[in-house]
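Worksheet for the structure shown next.
The values are calculated or read from the model by the stated rules, or taken from the named source; none is laboratory data. This is a predicted model, so every value here is computed, not measured. Backbone-built Cβ (ideal geometry, glycine too); neighbour counts: all protein chains shown.
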Amino acid sequence: MSAALPANRRPMIEIEGLHKHFGAQHVLKGIDLSVAVGEVVCIIGPSGSGKSTLLRCINHLEVAEQGRIRIDGQLAYRDEVGGAFRAHSNREISAVRAQVGMVFQHFNLFPHLTVMGNLIEAPVHVLGKSKEAARQRGRELLAQVGLADKEDAYPEELSGGQQQRVAIARALAMEPKAMLFDEVTSALDPELVAEVLTVMRDLAARGMTMLVVTHEMNFARQVGSRVIFMDHGMIVEEDAPARIFGAPREQRTRDFLRTVLDR
Amino acid sequence: MEIFNLEIAIANFGPLLAGLLMTVELTLVVIVLSLVFALLVALGGISRFAPLRWLVKAYIEAIRGTPLLLQLVYVYYVLPEIGIRLNSFTAGVIALTLNYSAYISEVYRGGIQAIGRGQHDAAAALGMTGALAMRRIILPQAIRIVIPTLGNYFIGLFKDTALCSVVSIQEVVFTAQILAARNFQYFTLYTVVGIMYFAVSFPAARLVGYLERVTKSGYRRRRS
């Protein structure tokens with residue numbers, strides 16, 4: 001997979017100077033990042049480095065105090081008028097979130113709804129799709145993630161790997177412009193990781209724009225168009241996977257990779 | 001000492017049963033009203049609008065800090081002095097609904113807060129507004145959690161309606177008092193009343209136990 005920085009392609013997610021504090025803790029210290037259409041950008045780094053927080057800021061699940069986020073060219077979550085910020089209404093914020101799919105470490109499926117219920121909930125109640133059209137699309141997506149026979153099951157009846165694949169299908173049901181993956185295999189038993197990664201590889205091959213926070217170095221190496229190493233709330237290094245894993249420039253990157261790859 | 005008089009019991013069974021039906025009717029009306037009102041109170045209590053939260057807090061504390069009996073007589077005897085005249089049934093319904101809603105709203109609140117952050121995150125990430133997520137994702141799960149607790153409160157309510165005898169609602173205790181004042185068969189009449197209460201509460205308690213098992217067993221596909 002070629003990994004030149006895609007300067008020639010339209011950016012889908014653009015982040016400029018993002019800062020985030022939790023109390024006195026400065027967890028994002030000025031993040032600049034751009035993800036082009038169809039790119040798969042993998043973020044690696046030690047826990048507590050701010051990777052997940054960055055992802056959550058992109059979806060406004062955390063509110064960054066400073067910086068700009070653009071989704072498909074549109075300034076998201078707040079406007080800037082003469083240097084002052086004006087927060088968007090909840091409705092505007094929800095409308096942007098609906099364009100960006102997110103998959104979580106702990107799946108967060110809705111336990112009171114069947115698999116199909118999970119898939120059609122937002123398309124019907126947020127996008128205003130008809131139930132029949134949403135079900136139709138839901139069946140296609142379940143087939144895509146290999147769970148065509150599970151539409152009437154409840155999440156609790158599924159394995160972790162199956163639940164996570166449903167969660168991916170649920171996010172895709174919104175026809176998102178980009179997908180955010182927040183350590184989606186970290187809570188899985190080792191034997192269930194592969195089935196989820198397979199679905200993600202397939203999604204990448206279909207051209208989905210993806211931002212993937214992961215501890216799966218092989219996935220980052222093989223599927224990533226670009227890999228970002230984060231530490232202490234900063235992007236330390238970003239490059240093509242072959243270079244990050246083959247010849248990292250920064251000492252911190254080398255140290256990190258030694259600890260995770262030696263295991 | 002009097003003994004249980006079967007003839008008296010049979011002779012008075014009709015009016016007592018009519019009283020029991022009034023007790024049940026009163027209970028059902030208050031259940032329906034307080035299920036709805038308490039939900040509004042609970043949502044007010046977690047509102048982002050601070051004055052609404054304070055109002056809810058004050059209401060809940062006022063209700064919890066005073067006896068139900070006082071609340072009943074207050075609605076029935078004191079409100080008329082400021083021009084609000086209610087018949088006894090309406091007064092009983094209002095007092096019981098206000099009282100139970102205060103407690104039940106706290107039950108709802110506990111249920112809502114028991115739903116994890118992940119559910120809110122997932123709903124938000126799918127573009128659902130807070131109100132939509134509350135209605136479609138949080139409340140259905142929260143209500144399921146609190147069903148057994150609500151059941152126990154409503155069994156308590158069924159018995160508490162006896163207090164409405166003081167505002168002369170013709171429920172079963174008040175009926176027995178009137179009958180006993182005529183024939184002095186306290187032992188028989190009040191024993192029948194006790195059996196009637198038990199005959200309703202006991203199966204209701206079993207039903208709550210069953211609901212508790214069902215709601216704790218998780219969400220499963222119905223086997224057909």
Go through the stretch B:100-131 and give me each residue that's of a type in the set (A, V, I, L, M, F, W, C) and either outside any loop (DSSP other than H, G, I, E, B) or within 7 Å of another protein chain (Cβ to nearest Cβ) (or both). B:Ala102, B:Ile104, B:Val107, B:Ile112, B:Ala122, B:Ala123, B:Ala124, B:Ala125, B:Leu126, B:Met128, B:Ala131
Answer with yes or no whether B:Tyr76 is under 17 Å from B:Ile31 (Cβ atoms) and surrounded by 15 or more Cβ atoms within 10 Å (Cβ to Cβ). no
Checking A:Glu92 against (1) under 17 Å from B:Thr129 (Cα atoms); (2) under 21 Å from the mean Cα position of the chain (by Cα); (3) at the interface with chain B (Cβ under 9 Å from one of its Cβ atoms), the condition it does not meet: (3)
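Just need a number here: residues in the stretch B:150-169 that are of a type in the set (S, T, N, Q) and buried (at least 19 other Cβ atoms within 10 Å of the Cβ).
2
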Those residues that are crowded, with 16+ Cβ neighbours inside 10 Å and not charged (D, E, K, R), I need them from the stretch A:235-263; list them, please. A:Ile235, A:Val236, A:Ala240, A:Pro241, A:Ile244, A:Phe245, A:Pro248, A:Thr253, A:Phe256, A:Leu257
A:Phe104 passes all but one of the listed conditions (1) away from chain B (no Cβ under 11 Å); (2) within 19 Å of the chain's Cα centre (by Cα); (3) aromatic (Phe, Trp, Tyr); the exception is number (1)
List the helices (runs of 4 or more DSSP H) inside the stretch A:171-263, counting only whole elements, that have at least 3 residues being within 19 Å of the chain's Cα centre (by Cα). A:190-205, A:217-223
Which condition number in (1) among the hydrophobic types (A, V, I, L, M, F, W, C); (2) surrounded by fewer than 16 Cβ atoms within 10 Å (Cβ to Cβ); (3) closer than 19 Å to B:Gly14 by Cβ is the one that B:Ala131 fails? (3)
Consider B:Tyr219 against the criteria (1) outside any helix (DSSP H, G or I); (2) under 21 Å from the mean Cα position of the chain (by Cα): it satisfies all of them except one. Which criterion is unmet? (2)
With the structure loaded, tell me whether A:Leu211 is surrounded by fewer than 19 Cβ atoms within 10 Å (Cβ to Cβ), under 30 Å from A:His26 (Cβ atoms) and hydrophobic (A, V, I, L, M, F, W, C) or whether it fails that test. no
Looking at the stretch A:83-101, which of its residues are outside any helix (DSSP H, G or I) and of a type outside the set (Val, Ile, Thr)? A:Gly83, A:Ala84, A:Phe85, A:Arg86, A:Ala87, A:His88, A:Ser89, A:Ala98, A:Gln99, A:Gly101
Test: residue in the stretch B:67-87 that is modelled with pLDDT of 95 or more and part of a loop (DSSP other than H, G, I, E, B): yes
Candidates A:Gly83, A:Gly67 - the one that is touching a strand residue (DSSP E or B) at 6+ places or on another chain (Cβ under 8 Å), surrounded by fewer than 17 Cβ atoms within 10 Å (Cβ to Cβ) and either within 14 Å of another protein chain (Cβ to nearest Cβ) or farther than 22 Å from A:Ala169 by Cα (or both): A:Gly67
Which one of A:Gln144, A:Gln105 is polar (S, T, N, Q) and within 29 Å of B:Leu139 (Cβ to Cβ)? A:Gln105
Going through (1) outside any helix (DSSP H, G or I); (2) out of contact with any Asp or Glu (no Cβ under 8 Å at 6 or more places or on another chain); (3) of a type outside the set (S, T, N, Q) one by one, A:Ala122 fails only at (1)
Just one of (1) within 12 Å of chain B (Cβ to nearest Cβ); (2) touching a Gly at 6+ places or on another chain (Cβ under 7 Å); (3) not in a helix (DSSP H, G or I) trips up A:Val27, so point out which. (1)
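Out of the residues in the stretch A:152-170 that are among the aliphatic types (A, V, I, L, M) and under 14 Å from the mean Cα position of the chain (by Cα), which is nearest to the other protein chains (Cβ to nearest Cβ)?
At the first step, the residues of the stretch A:152-170 found to be among the aliphatic types (A, V, I, L, M) are A:153, A:158, A:166-169.
Checking which are under 14 Å from the mean Cα position of the chain (by Cα) leaves us with A:167-169.
Working: A:Ala167: 8, A:Ile168: 12, A:Ala169: 12 Å.
The qualifying residue nearest to the other protein chains (Cβ to nearest Cβ) is A:Ala167.
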A:Leu54 buried (at least 22 other Cβ atoms within 10 Å of the Cβ) and not hydroxyl-bearing (Ser, Thr, Tyr): yes
Here the qualifying pairs (Cβ atoms under 6 Å; residues six or more apart or on different chains; first in the stretch A:49-78 and on the phi > 0 side of the Ramachandran plot; second assigned to a loop (DSSP other than H, G, I, E, B) and surrounded by fewer than 20 Cβ atoms within 10 Å (Cβ to Cβ)) come out as A:Asp72/A:Lys177; A:Tyr77/A:His88
In the stretch B:1-46, how many are surrounded by 13 or more Cβ atoms within 10 Å (Cβ to Cβ) and in a loop (DSSP other than H, G, I, E, B)? 2
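Take the residues of the stretch A:108-123 that are within 8 Å of chain B (Cβ to nearest Cβ) and in contact with a helix residue (DSSP H, G or I) (Cβ under 8 Å, 6 or more places away or on another chain): which is surrounded by the most Cβ atoms within 10 Å (Cβ to Cβ)? Outline the logic, then answer.
Initial filter on the stretch A:108-123 (within 8 Å of chain B (Cβ to nearest Cβ)): A:108-112, A:114, A:121-122.
Right, trim to in contact with a helix residue (DSSP H, G or I) (Cβ under 8 Å, 6 or more places away or on another chain) and you get A:108-112, A:121-122.
On the way: A:Asn108: 23, A:Leu109: 24, A:Phe110: 23, A:Pro111: 19, A:His112: 18, A:Glu121: 23, A:Ala122: 27.
Per the criteria, the residue is A:Ala122.
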Cβ-Cβ under 6 Å pairs, at least 6 apart or on other chains, the stretch B:50-67 side surrounded by 12 or more Cβ atoms within 10 Å (Cβ to Cβ), far side of a type in the set (A, V, I, L, M, F, W, C) and modelled with pLDDT of 95 or more: B:Val56/B:Val41; B:Ile60/B:Ala102; B:Ile63/B:Ala102
